[in-house]
Amino acid sequence: MVQNAQPPEQGSFPLTLDGSAPEELLKAGKYDWIADYSRQIVHSKVSAATEGDIEIVLLGSLPERVEKISRPPVIDLTSVFTQYDPPEIEDALQFGAQYPDEQRKTAIIFPHEPWRGPHGPAFVLVLRTDESRATDESRARGLSYIPFASMLAETWWWWPRVAVRRRGGTRT
């Protein structure tokens, strides 16, 4: 069942895009691990230098709780992006560097233009933590990916997704 309702905003974060190169952004993120496909996504899809200020908006799940429904709703990203702009790869990297503790709370999905893997599936970046650790502060931070098709599947419906609100500056 596709829901046309907008997921609620869970928070917003001002983000300064400084035009840094992908390797600089990966180092600035100080990740404990980076998945191989994530590195390939970063290097294959990064556009020209981006500068300016934007606002990252974390979109939560729809109000229904998993215990109350037999099949979780599907969030239609097309309808979400009529109100917000989609994120770009640089946004994920800058967010990881500027707000490292946010991904310790929950995984954060960046539904940017998908990268097509070498064996067919398309992927987008996700900031994740090592869930096996006991405390938020000690969880290992990582830059990972998920299949883009999963963005509309019930297994990811409760994780925040990122959207962007332009606040000035331009993408180049």
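The values are calculated or read from the model by the stated rules, or taken from the named source; none is laboratory data. Computed from a predicted structure; not experimentally measured. Cβ coordinates were reconstructed from backbone atoms using ideal geometry, including for glycine residues, and neighbour counts include every protein chain displayed. Ligands, DNA and RNA are excluded from the accessible area calculation, which covers all protein heavy atoms including side chains. Shrake-Rupley method; radii C 1.70, N 1.55, O 1.52, S 1.80 Å.
Observations on the structure shown:
- Separation in nanometres of the label points that stand 7 Å from Cα toward Cβ, at Ala28 and Thr82: 3.5 nm
- Under-5 Å amide H pairs with Phe81, H placed in peptide plane, nonlocal only: none
- Segment 88-134 - accessible surface per residue (Å², probe 1.4 Å): 42 Å²
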